[in-house]
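The values are calculated or read from the model by the stated rules, or taken from the named source; none is laboratory data. Treat the numbers as computed from the prediction; the structure is a model and nothing was measured. Positions of Cβ are generated from backbone atoms using ideal geometry, with glycine treated the same way; all protein chains shown enter the neighbour counts. Surface accessibility is based on the protein's heavy atoms, side chains included, excluding ligands, DNA and RNA. Shrake-Rupley method; radii C 1.70, N 1.55, O 1.52, S 1.80 Å.
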Amino acid sequence: MVPIPAGEQQKLVERLYRACGGSYTPEQRRKFYVSGPQWAAAYEGQALFHAPTRKPVGFEEVIRKWGELGIAYWCTHDTDVIPTRALGTEEQWEILGRIKKALADNGVKCSMVTTETFYHAVFAASPAAEAPQIRDYAAWRCKNTVKIGHELGATHAVYWPGSLGYQIQGAVEETETLKWYADAINAACEMDIGVAGKRGRQTLKHCLEAKPFEPQAQILLPTSDAMLAFIDSGLIEHPEMVGLNPEYLHELMWGSAVRASLARALIKGKLWHFDINDGYPLKHDVDIGVGLVNPLDWLNVLVLLRSHGYRGPFNLDYKPPRTTSNWGVFAVSFPTAVDRFITLWEMAGEVLEDPVIREAGEALRAGGEKAKDLDAEAIFEANKELMTLHELIAHRMVQILLGIHKGRTYSV
Ligand code: GCO
Ligand code: MN
Ligand code: MN
């Protein structure tokens with residue numbers, strides 16, 4: 001093995017990346033409603049048990065890179081771009097001016113803004129803490145984010161409550177905490193109605209994001225289903241303004257069939273925004289790049305979304321893991337993630353058009369010939385051979401995923 005000198009390493013990675021093939025052009029990527037979060041690109045690789053591995057990256061650079069790569073939309077937390085002490089001040093508006101210029105200069109749009117209510121120590125007891133002043137502050141933060149969103153031209157606002165839960169039971173009274181959390185969302189919606197009215201814009205789509213574990217040991221709204229119930233609980237004053245931002249991995253983490261979680265949101269008309277990434281069931285939030293762990297499951301998810309005409313953003317909420325190269329984040333991590341998403345989206349289209357899958361699906365829906373009514377044995381006999389098609393369809397999807405349907409020979 002010949003050691004690779006530090007100065008040669010990017011060239012090697014670049015060459016191997018090219019050799020992978022299958023990448024799209026920035027123009028092709030721009031055809032998709034893909035957004036790239038500031039926080040994902042700027043994530044420095046740190047965690048509870050390890051230090052950052054990369055240098056900080058500001059919004060100018062992230063937005064410029066999105067423009068170059070053809071990631072057409074950018075999104076951010078308030079404090080990813082505005083220091084906490086500057087929120088609501090002149091400095092905030094000066095920073096927003098710089099962001100607008102960076103977006104315009106690079107042909108990128110802001111799709112979504114989100115309030116950080118989990119990182120700062122003020123939220124140690126959650127944005128719905130017992131202390132009234134903390135709750136007032138959380139509501140003010142959410143309202144301020146609405147103003148930021150309108151200023152940047154966003155269409156969506158996301159809320160991940162983060163620390164809404166507890167490490168230890170006893171002190172927190174769940175029903176009043178949920179009511180207090182709803183107060184912050186209600187304040188944001190009220191502010192939105194006012195600001196949107198004044199600016200002649202549509203109100204934002206306010207999207208709740210659930211996560212089953214982390215950072216609290218127990219979470220009050222752990223799943224998208226819990227969020228749906230919360231929207232309909234009577235605590236939310238404008239339920240029509242509030243929907244979901246499910247995250248693929250967050251649903252997988254608790255053991256859901258992600259496709260089924262999304263289907264429940266679709267039925268309610270609440271699938272408005274979707275964080276795309278990957279990871280493992282019953283593990284922590286590793287936020288791996290879309291399709292790197294569960295490509296078949298992803299293909300299934302996209303078949304569902306394509307067939308239901310989902311038109312919302314696909315937000316690349318993933319954190320390039322322990323990559324030690326700031327260069328690699330933009331040269332390999334993000335372009336490969338977008339391109340896997342596009343390929344899987346295209347494959348989902350292929351699945352929907354596939355003659356084998358189509359005929360099999362139609363046969364299943366047609367069922368067998370009519371048997372004697374209310375006779376379980378006869379109905380079973382009339383239908384029993386069709387059941388094999390369930391497995392045949394799954395087999396065909398794997399063939400499409402692996403390209404086997406186009407013919408592939410090994411040693412036989
Ligand atoms: C996570 C979350 C966050 C949220 C973001 C939006 O992985 O823990 O997805 O990244 O999406 O905070 O508010
Ligand atoms: Mn997310
Ligand atoms: Mn996550």
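Would you mind getting the accessible area per residue of region 1-105, heavy atoms of the protein chains only, 1.4 Å probe, in Å²?
On a per-residue basis, region 1-105 sits at 57 Å².
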Next item on the list: Please work out how much accessible surface ARG306 shows to a 1.4 Å probe, ignoring ligands, DNA and RNA, in Å² rounded to 10.
Entry: 90 Å²
Check: Mean residue ellipticity at 222 nm from the helices of the chain, using -39,500 (n - 2.57) per DSSP H segment of n ≥ 4 over the full residue count, to the nearest 500 deg cm²/dmol?
Finding: -14500 deg cm²/dmol
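Rounded to the nearest whole Å², what accessible area per residue is found for region 211-369 with the 1.4 Å probe? Provide the component values of the computation, followed by the final result.
Numbers: 6270 Å² over 159 residues.
Per residue, region 211-369 has an accessible area of 39 Å².
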Note to self: Under a crude label model (7 Å from the Cα following the beta-carbon direction), how far is CYS20 from GLU237 in nanometres?
What the structure shows: 4.8 nm
Next item on the list: Might you work out the accessible area of ARG18 for me, using a 1.4 Å probe with all protein chains in place, and round it to the nearest 10 Å²?
Entry: 150 Å²
Next item on the list: Note down the accessible area of TYR24, probe 1.4 Å, to the nearest 10 Å².
Entry: 60 Å²
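For GLU174 and ALA6, what is the calculated FRET efficiency with R₀ set at 45 Å and r taken between the beta-carbons, to the nearest 0.05? Walk me through the intermediate numbers first.
Details: r = 53 Å, r/R0 = 1.19.
E(calc), rounded to 0.05, equals 0.25.
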Next item on the list: Quick one: of LYS384/LYS406; LYS55/LYS109; LYS11/LYS65, which pairs are farther than 21 Å apart, Cα to Cα?
Entry: LYS384/LYS406; LYS55/LYS109
Next item on the list: Tally up the carbon and sulfur contribution to the accessible surface of region 331-412 as a whole percent, 1.4 Å probe, everything protein left in place.
Entry: 59 percent
Notebook entry, point to check: If you rank ILE219, ILE404 by how much accessible surface each has, with a 1.4 Å probe, what is the order from largest down?
Noted result: ILE404, ILE219
Next item on the list: Treating cross-link reach as a plain straight distance, find the lysines whose alpha-carbon is under 25 Å from the alpha-carbon of LYS211, omitting any fewer than eight places away in the same chain.
Entry: LYS143, LYS179, LYS268, LYS270, LYS283, LYS319
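Ordering ARG29, ARG358, ARG259 by accessible area with a probe of 1.4 Å, largest first, what comes out? Don't skip to the end; give the middle numbers.
Details: ARG29 15, ARG358 115, ARG259 85 Å².
If we order ARG29, ARG358, ARG259 from most to least accessible, we get ARG358, ARG259, ARG29.
Using alpha-carbon pairs under 8 Å, 6+ residues apart, how would you state the relative contact order of region 25-349 in percent?
Values: 610 pairs, mean separation 55.4, N = 325.
Relative contact order, region 25-349: 17 percent.
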